[in-house]
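Structure first, then comments.
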Amino acid sequence: MFAIEFTPGAIDDLRQLRKYDQQRISSAVETQLAYQPDNESRNRKRLRPNPIADWELRVGVHRVFYDVDAVGQRVSIAAIGHKRGNRLFIRGKDHQL
C-alpha cells in the first residue's frame, strides 16, 4: 500500500473547492492511488514531461497531478486543478501541459 501525501499547494487547491468536490476527490485519491498508482487506467495516465507532475488522475472535471516513488511506496499529490473545455486551471491560472 502506498502512502499518500499532499504538498502545501495541493492542500490549498483542495480547500478552494466546494465541500462535495473535496470529498469526491479525497475518496478518489484514496481508492485509485493507494494500490498501483503507476499503472495506467481509464482515469489515470502518465503525462508528457512537464513542470507539474508525472501522472494525472481524472475525477470528473477535476484533475489531480501526482508523482510516484515506487521504491519508497509514496504518492505525492502536487496540484489539483479543473478543466473547462480544453483548458486547465490550477490556482486560478491557465496552464499548458
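Scanning the chain for trypsin sites (Lys or Arg not before Pro) that sit in a DSSP loop and have at most 12 other Cβ atoms within 10 Å, the longest stretch containing none of them is 43-90. Note that region 46-62 has calculated 3J(HN,Hα) couplings of 7, 9, 5, x, 8, x, 8, 6, 8, 10, 9, 10, 8, 10, x, 7, 8 Hz, one per residue in order, obtained from phi through the Karplus relation 6.51 cos²θ - 1.76 cosθ + 1.60 (θ = phi - 60°); glycine and proline are x. Region 32-63 and region 9-25 have Cα centres separated by 17 Å.
The fraction of Cα-Cα pairs per 10 angstrom bin, counted from 0 for the chain, comes to 16, 55, 27, 2 percent, rounded to whole percents. Under 5 Å between amide hydrogens, built in the peptide plane, is the criterion, and for residue 88 it picks out 95 among residues at least 5 positions away or on other chains.
Taking the helices alone, the chain has a mean residue ellipticity at 222 nm of -7500 deg cm²/dmol, built from -39,500 (n - 2.57) per DSSP H run of at least 4 residues and averaged over all its residues.
All other residues whose Cβ lies under 9 angstrom from that of residue 44 are scored, Lys and Arg at +1 and Asp and Glu at -1, for a net of +1.
Here, each number is a calculation from the coordinates, and none is a lab measurement. Values in this document were obtained by computation on a predicted structure and should not be read as measured data. Every residue, glycine as well, gets a Cβ built from its backbone with ideal geometry; the counts of neighbours run over all protein chains shown.
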